[in-house]
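The values are calculated or read from the model by the stated rules, or taken from the named source; none is laboratory data. Owing to the predicted nature of the structure, the values given are computational and were not obtained by experimental measurement. Neighbour counts run over all protein chains shown; Cβ positions are idealised from the backbone, glycine included.
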């Protein structure tokens, strides 16, 4: 699974800063069925997650996203 941030959430000044992200994941263990949902992630947690820093990793993530878009990724509600 991986997170793809869309935008920073706004709100009251006392609210912790967070990001609205797409969460891409496999629905079943064989990885043939993909899902995507929206998830709010706090800034501290988001910044603690590892970055995709290698070109090979970035190309893999982009490939997964495009495959999900073209093949009909299933939108899952996690609430």
Keeping to region 10-21, report how many residues are modelled with pLDDT under 85 and surrounded by 13 or more Cβ atoms within 10 Å (Cβ to Cβ). 0
List, please: which pairs have Cβ atoms under 6 Å, are six or more places apart or on different chains, and start with a residue in region 11-32 that is closer than 20 Å to residue 62 by Cα and end with one that is at pLDDT below 80 and part of a loop (DSSP other than H, G, I, E, B)? 25/1; 27/33
Per the list (1) surrounded by 13 or more Cβ atoms within 10 Å (Cβ to Cβ); (2) farther than 13 Å from residue 2 by Cβ; (3) modelled with pLDDT under 75, residue check on residue 78 breaks on (1)
Determine which member of the set 66, 7, 25, 46 is at pLDDT below 85 and touching a strand residue (DSSP E or B) at 6+ places or on another chain (Cβ under 6 Å). 25
